[in-house]
1. Please enumerate the residues belonging to region 32-57 that are assigned to a strand (DSSP E or B) and surrounded by 14 or more Cβ atoms within 10 Å (Cβ to Cβ).
2. So if I check each of 5, 29, 60, which one is out of contact with any helix residue (DSSP H, G or I) (no Cβ under 6 Å at 6 or more places or on another chain) and in a loop (DSSP other than H, G, I, E, B)?
């Protein structure tokens, strides 16, 4: 499985997931008005969102 770890004007960066990590995730955390910290990567289970963010998980390549 290959997950996107970052997106920018220059393109996307990806990582190959380790054994046992079969889910790609993207997590948004609100840092301020219209300002979010976004993290992406591989995981074994879909993390839960906290009160200031949201999480999207999938098990397909490069989403």
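Readers should treat all values here as calculations from the given coordinates under stated rules, not as data from a laboratory. Bear in mind the structure is a predicted one, so any value in this text is a computation, not a measurement. Quick reminder, even Gly has a Cβ in these numbers, built from the backbone with ideal geometry, and neighbours come from all protein chains shown.
1. In the first step, residues of region 32-57 are kept if they are assigned to a strand (DSSP E or B); the result is 32, 35-43, 53-57.
Answer for region 32-57, where residues must be assigned to a strand (DSSP E or B) and surrounded by 14 or more Cβ atoms within 10 Å (Cβ to Cβ): 39, 40, 41, 42, 43, 53, 55, 57.
2. Details: 5 fails: in a loop (DSSP other than H, G, I, E, B); 29 fails: in a loop (DSSP other than H, G, I, E, B).
Among 5, 29, 60, only 60 is out of contact with any helix residue (DSSP H, G or I) (no Cβ under 6 Å at 6 or more places or on another chain) and in a loop (DSSP other than H, G, I, E, B).
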